[in-house]
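Remarks on the structure that follows.
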Amino acid sequence: VTVEEQKVRELLQQFTPYPTTTVSVPDVEQRLPVRRVTRRATTRRWTPLIAAAVVVALAGTVALIAHSRTSAPRPVHGVSPPALPVDLGSWRATGVLSGEFEELISAGSSLLTVDNDRLLRVVPGHGVRASAQLPRDSWPSIAFDGHNVWVAVYLQGGGQAVILRRYSYPALTLQRSVTLRPGEPRFGPLVLVGAPGEILVGSGEKVVTVRSTDLSTLGTLTLDGDVNGLAWREDGHLYAAGPGEHNVVEDYTRTGPGSYTLRRTVPGAGPPLAGSLVVSDRGLWEISQFNSYNLKFASFADLAHPAAVVPMDTGDVTVTVAGGTAWIGGTILGCANPDTGRLRTPIHQVVDHTGATSVLGPIASLHGQLYAVYSQYKKARTVQTAIVKLQPPSACRSK
Amino acid sequence: MTAPAGFKEFVEECSTPLLRAGWLLTGDWSAAEDLVQMALAAAWPRWDSLPERPVAYAYVRRCMMSVFLRELRRKRSGEIPVHLVDSQLAYRDADETAGVEMRESLRSAMASLPPRQRAVIVLRYFVDLTEQDTAAALGCSVGAVKSHASRALSRLRGLPGLHESLMGGGG
């Protein structure tokens, strides 16, 4: 043990506060999963009947599974509006699919999401049409380049490697995979589509550019700190937000395949949150935190001076630019002009009547229709999640 | 449901150290309570197969780390707790003002670490586990623990609030 390690040990022991409460057995008991009580058969004469019933049930289940795998869509579960215990104001939501979803992007005529470590292609109204298994607990991030689906995962027990995988679309067949070691991500690796034929993977302090054909590494960009957000602009700008306590957005210009030059550093008013950078045609949206949370929009011409700042009570916010609107989701709902930052409707606070926290995001747009992952958390646990169809107020579509 | 024999005593004995570890991981008492309760709830059904106290403690720690990393992933909206104000704490150090400042520095420093590094710091230097036991609790290799610890220490070294304490005369 070095002197420094010993000092860290003393520091932690001395300055970690003591709780004013303790955990009791009844507290723990409330956390136990509810178990179904099954009654045992009392006489042997029921055994053949039970066995027959089991055989029939199994046959039915097998037939059902076979049927669902072939043509029939996965049943849409009851996440209809009455089952959403939230006040959405003038917004409306209807259930599409239940599951434990984390990501949501649109791809072609489908939605791509992750449910329990499975990559899913969902066609609204038809259910899950293709799926692929992902490594367990690997913090997946997904992107679609118009031809293939890209998934970056972080293998926590595997030597801190980020794996980039390419899946075919629409079948989601694994085609190629490459192991990268860019550094440990704060909340998971970030993957996005960059210049034509290039995929960008951000993790830790590095952004790795990978050629989409053979997955070879074209270049590695080292940032000033951990990357929390990445955004690519088609004219060759790469924006990286993060660097933890440095509170900056770095603006890079692409100078060649996998090669970037730092153009400017834009000071921020607080640490950007993970996944917090989104570009529109004319500017950059950023979610940051300094005492309170702020959703900011700044034009590319003047990134240092935001044209619009929306103060928020929460960091659970996502922004999606699609169809001429910036859609603001999370524990709030709103919409804005994506190129000026001007709000088109007042921000609506999603109020949960159960005492839990409800989040509507990320949001994806497919054929002009909005979809969102609805998640409900209670005491740090996920109560339910579902994909819902969102109907925004008509003012959101105005110019 | 009746708690298995010895479980109540275990909860009473381990609650405080587990909560303190939970606070270092999450920076928040209610989240720390959630973590500890969920870890203990995972141990309850298996209690009879955890006969010795160190084994049970190791199991609960492992559950706690697993829950911590899993739930972070679920809520990866990226909220980073900084500049938090917590008025409900009891301080045991003599110089309360300095203690508060140091505690806030510690909380910010821990929050600035990626989750795995945070977990390694807590297990290695707060719970005082060996590298092997830390690796077992996190389900990773000893090499990964060393690497996480080294990076975390390097990062903590650069933070203004902790710099003097680590490089100079100590806490």
*Any residue in region A:92-110 that is under 30 Å from B:ALA135 (Cα atoms), part of a strand (DSSP E or B), modelled with pLDDT under 90 and over 15 Å from the mean Cα position of the chain (by Cα)?*
no
*Qualifying positions in region B:17-30 - out of contact with any Lys or Arg (no Cβ under 9 Å at 6 or more places or on another chain) and free of Cβ contacts under 8 Å to residues at least 40 places away in the same chain*: B:LEU19
_Answer residue from region A:194-226, given it is touching a helix residue (DSSP H, G or I) at 6+ places or on another chain (Cβ under 9 Å) and charged (D, E, K, R) and is nearest to B:PRO114 (Cα to Cα) among those_ = A:ASP226
*Restricting to strands (runs of 3 or more DSSP E) lying wholly in region A:178-241: which have 3 or more residues that are touching a residue at least 24 places away in the same chain (Cβ under 8 Å) and among the hydrophobic types (A, V, I, L, M, F, W, C)?*
A:190-193, A:198-203, A:206-211, A:229-233, A:237-241
*Taking A:THR345 as meeting all but one of (1) of a type outside the set (Phe, Trp, Tyr); (2) at pLDDT 80 or above; (3) under 21 Å from the mean Cα position of the chain (by Cα), write down the number of the exception.*
(3)
*Considering each of B:ALA137, B:ALA90, B:ALA109 in turn, give the residue that is modelled with pLDDT under 85 and loosely packed, with under 15 Cβ neighbours inside 10 Å.*
B:ALA90
*Do we find a residue being under 17 Å from the mean Cα position of the chain (by Cα), in a strand (DSSP E or B) and either touching a residue at least 60 places away in the same chain (Cβ under 8 Å) or surrounded by fewer than 19 Cβ atoms within 10 Å (Cβ to Cβ) (or both) anywhere in region A:330-340?*
yes
*Give the residues of region A:182-226 that are touching an Asp or Glu at 6+ places or on another chain (Cβ under 8 Å) and aliphatic (A, V, I, L, M), sorted by residue number.*
A:VAL193, A:ILE199, A:VAL210, A:LEU218, A:LEU223
*Whichever residue in region A:145-177 is assigned to a loop (DSSP other than H, G, I, E, B) and touching a His at 6+ places or on another chain (Cβ under 9 Å) and, among such residues, is modelled with the lowest pLDDT*: A:GLN160
_Of all residues in region A:124-155 being closer than 21 Å to A:LYS389 by Cβ and buried (at least 19 other Cβ atoms within 10 Å of the Cβ), the one that is nearest to the other protein chains (Cβ to nearest Cβ)_ = A:ILE142
*Which of the residues that make up region A:1-20 are modelled with pLDDT under 85 and either within 17 Å of B:TRP29 (Cβ to Cβ) or of a type in the set (S, T, N, Q) (or both)?*
A:THR2
*Residue ID - nearest to A:TYR374 (Cα to Cα), chosen from residues in region A:107-123 that are within 14 Å of another protein chain (Cβ to nearest Cβ) and surrounded by fewer than 22 Cβ atoms within 10 Å (Cβ to Cβ)*: A:ASP115
*asked:* Can you find a residue that is more than 30 Å from A:GLU250 (Cα to Cα), in a loop (DSSP other than H, G, I, E, B) and at pLDDT below 85 anywhere in region A:373-387?
replied: yes
*strands (runs of 3 or more DSSP E) lying entirely in region A:254-308 (those with 1 or more residues that are modelled with pLDDT under 90 and in contact with a Gly (Cβ under 8 Å, 6 or more places away or on another chain))*: A:272-279, A:283-290, A:292-299
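The values are calculated or read from the model by the stated rules, or taken from the named source; none is laboratory data. Please read all numbers here as calculations on a predicted model, not as lab measurements. Note that each Cβ is placed from the backbone with ideal geometry, even for glycine, and that neighbours are counted across all protein chains shown.
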